[in-house]
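Each remark here refers to the structure printed beneath this line.
FYI, it's all coordinate maths here, none of it is from the lab. From a predicted model like this one, the values you see are computed outputs, not experimental measurements. Positions of Cβ are backbone-derived with ideal geometry, glycine not excepted, and every protein chain shown enters the neighbour counts.
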Amino acid sequence: MSFLGNLWRGGASSKFDFDSGGASYVVELTKRNPVVSLTKQGAATGHLRVNLHWQMRTSDLHERGGQGKGSLLRHPGKLFKPEVVQAQGPAVVKIDLDLACLYELKDGTKGVVQPLGNFLGDLNAAPYVKLSGDDRFGSPSGETLYINMDHRDEIKRLLIFVYIYDGTPAFDRTHAIVTLYPSNGPRMEIKLDERAPQARSCAIFMLENVKGELTVRREVKYVYGFQAELDRLYGWGLQWGRGYKTKV
């Protein structure tokens, strides 16, 4: 399956180091409590690290492979307490979630940072967003995006989103979690656990600079298309073309 990828190419990458940042406790962003002010918690400087991590249930894998019925008959309790395993490679499950970012700067510059097209961004020059790389097999470290908050005055808004590449399971089978590690204050978690079996993309959160205050707002809006549909939903106004990944 092909899908839409932006034609913009980010600036050259450079070597960089990051602090782990964040306190040891976690705040979950939910529908009832969707917004956190990074400015008020003193996290509007340094680097904001955004990590995407996902898992699969073994019961899902057995069901997809036509196995596991006998096991459920012998142990019916497993139906309600499915074992959880790490999705670590194509031998376990075929899955490829990509973490990405639509950005708009104060000077009107717009674009995308994403694995597709190798548009990995730049941390020390516009757009001040850098993707660590493309994890195609669900490794324990997942995929990580870094945002340089020291350039906050040049950032207008960032939409962090996830899309499913190629013929992989839907979001309701991936158990994906996005974790934000600010330079100060608690980590923040956003779970993508709502049922959207046919969705191919999900807007996770919006980081906005409004009158000098940086806020993170949970979105978790599923769409059935790819980047162009998210673009229309949030009014980015980019031109999109077909994109593919090279085989590995």
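Points worth noting:
- Extension gain from ASP193 to GLN239, taking 0.36 nm per residue of separation minus the Cα-Cα distance: 13.5 nm
- Built amide H within the under 5 Å cut-off of GLU219, gap 5+: PHE205, MET206
- 3J(HN,Hα) from dihedral phi, region 212-223, Karplus parametrisation 6.51/-1.76/1.60, rounded to Hz, x for glycine, proline: x, 9, 9, 10, 10, 10, 4, 10, 6, 10, 8, 10
- Label sites at ASP150 and GLU28, each approximated as a point 7 angstrom past Cα along Cα to Cβ, lie 3.6 nm apart.
- Listed residue pairs exceeding 19 Å between alpha carbons, taken from LYS130/LYS221; LYS130/LYS191; LYS130/LYS156; LYS106/LYS211; LYS156/LYS191: LYS130/LYS221; LYS130/LYS191; LYS156/LYS191
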